Amino acid sequence: MSLQVPYHTKANGAAAGGATKAVILVGGASRGTRFRPLSLDVPKPLFDVAGHPIIWHCLTAIAKVPSIHEVYLIGYYDESVFRDFIKDAVHEFPQLTIKYLREYQALGTAGGLYHFRDIILKGRPERLFVLNSDVCCSFPLGEMLRLFEEKDAEAVILGTRVAEDAATNFGCIVSDTHTRRVLHYVEKPESHISNLINCGVYLFATEAIFPSIRTAIKRRTDRPNRLIRYPSAENLESSFFAQQAADDDDEESEKRSEVIRLEQDILSDMADSKQFFVYETQDFWRQIKTAGSAIPANALYLQNAWQSGSSELAQPQPNHIVAPVYIHPTARVDPTAKLGPNVSIGPRAVVGAGARVKESIVLEDSEIKHDACVLYSIIGWNSRVGAWARVEGTPTPVTSHTTSIIKNGVKVQAITILGKECAVGDEVRVQNCVCLPFKELKRDVANEVIM
């Protein structure tokens, strides 16, 4: 039996220089349904926000941690989905080896890690970053690593504060304010326990996380699935069918026992370990769950890029560019159009004379004709917005974690979304609508899903 030296006994700060790997959880095709209609044409992790795929922002943060050289994307999309992205990313991040590991079925956020544990543990890394791909934040991985080493931790979770009424929609963390130790963790509690929530970014000691997952799997398998009662002789026949159904259920439960989730099955147990800590970020954080949530994420990433002096952004110009704005080099924007703030213009997109675009994403090969107005909207690939047309959503508070609003007693999307190859006629107004691909809008429409 091989004997592992405990993490905290490694001398002379060797732990600080030890190997760290990173995993980005990308989900799969049956997930991301809330991201429709955009996910009908591109997987959510590859959707462009602030000029780059969502997952690129994760890689940028990982690349800044000197001890990370290997990154695994874990999900159950087809292998071909990430092939081109990885090919490009390897050139952009030459210090990283990036591989996609495909699950044979959805295994949950912890189940996928455990399934590929031999690959992840090759080379004996001491620490493992785990990032959910559908979060938008500054990813303070360096700060998490410092806290991890300072506390001799087994796990560090990234946390942030949200409004009291929003907290129960997330995993809630109760922590010791002085030591930052996690005392209690509950995923989406029924009643309020804390407004410090889980950001979906973790750092684990490899010698702690994999045994924790193994324990959770064992507990799941050992737990009896059901108690079958035989109420009377009269019900023998129905009991026979109940037993048959139970046997079928056994197969299902075997599959389910492989689905292990960090949030529901692992983190609450880890809080008992006394070596689980929270790094509370004061920076921006946002989930990218629905298609509409790409707009606030786009704004946050653009503002972050602007504050850090990114050369990718367009230079402000009076009556033309209100920073921050990203314009792809192949896009054509008329000098009399006014863009910004918080606008991304994709490859080969065309913005005509006198057009106004604000708080929006204009995807590749789309066209906004002269004097059109696009506000709080996503214009899908190869879509057309006619002259003098108006496509608009409704602004929501920066602190809000939802992109739906109530209009006339009905919940509607705050952000207007045109799917792929949609056309809005000249002088047509589209407000608070989600439009599925290949639709033509010839009349004014508001507060609808256009199928």
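In the stretch 137-186, what residues are in a helix (DSSP H, G or I), open to solvent by less than 10 Å² (accessible area, probe 1.4 Å) and under 17 Å from Q287 (Cα atoms)? Residue satisfying the conditions is A167 alone.
When the residues of the stretch 394-429 are filtered to those that are open to solvent by 20 Å² or more (accessible area, probe 1.4 Å) and of a type in the set (V, I, T), the one that is nearest to R443 (Cα to Cα) is T394.
With a requirement of 1 or more residues that are modelled with pLDDT under 95, the strands (runs of 3 or more DSSP E) lying completely within the stretch 259-363 that satisfy it span 276-280, 285-287.
Scanning the stretch 435-448 for residues that are in contact (Cβ under 8 Å) with a residue 24 or more places away in the chain, touching a Leu at 6+ places or on another chain (Cβ under 9 Å) and either open to solvent by 20 Å² or more (accessible area, probe 1.4 Å) or not in a strand (DSSP E or B) (or both) returns L436, P437. Considered as a group, the residues in the stretch 34-51 that are more than 12 Å from the chain's Cα centre (by Cα) and assigned to a loop (DSSP other than H, G, I, E, B) include one that is surrounded by the most Cβ atoms within 10 Å (Cβ to Cβ), and that residue is A50. Note on the stretch 57-78: residues that are outside any loop (DSSP other than H, G, I, E, B), in contact with an Asp or Glu (Cβ under 8 Å, 6 or more places away or on another chain) and open to solvent by 20 Å² or more (accessible area, probe 1.4 Å) total 0. Just one of the listed residues (S360, S308, S383, S344) is buried (at least 17 other Cβ atoms within 10 Å of the Cβ) and either out of contact with any Phe, Trp or Tyr (no Cβ under 9 Å at 6 or more places or on another chain) or on the phi > 0 side of the Ramachandran plot (or both), namely S383. D134 meets the conditions (1) in contact with a Gly (Cβ under 8 Å, 6 or more places away or on another chain); (2) open to solvent by 60 Å² or more (accessible area, probe 1.4 Å); (3) more than 23 Å from R214 (Cβ to Cβ) in every case but one. The failed one is (2). In the stretch 34-53, the residues that are over 11 Å from W381 (Cβ atoms) and without any contact (Cβ under 8 Å) to a residue 60 or more places away in the chain never reach a residue that is part of a helix (DSSP H, G or I) and of a type in the set (D, E) with C-beta atoms less than 6 angstrom apart, at least six apart or across chains.
The values are calculated or read from the model by the stated rules, or taken from the named source; none is laboratory data. Bear in mind the structure is a predicted one, so any value in this text is a computation, not a measurement. Because the Cβ atoms are built from the backbone with ideal geometry, glycine has one as well, and the counts that use them run over all protein chains shown. When the accessible area is computed, the model is the full protein with side chains, heavy atoms only, and any ligands, DNA or RNA have been set aside. Shrake-Rupley method; radii C 1.70, N 1.55, O 1.52, S 1.80 Å.
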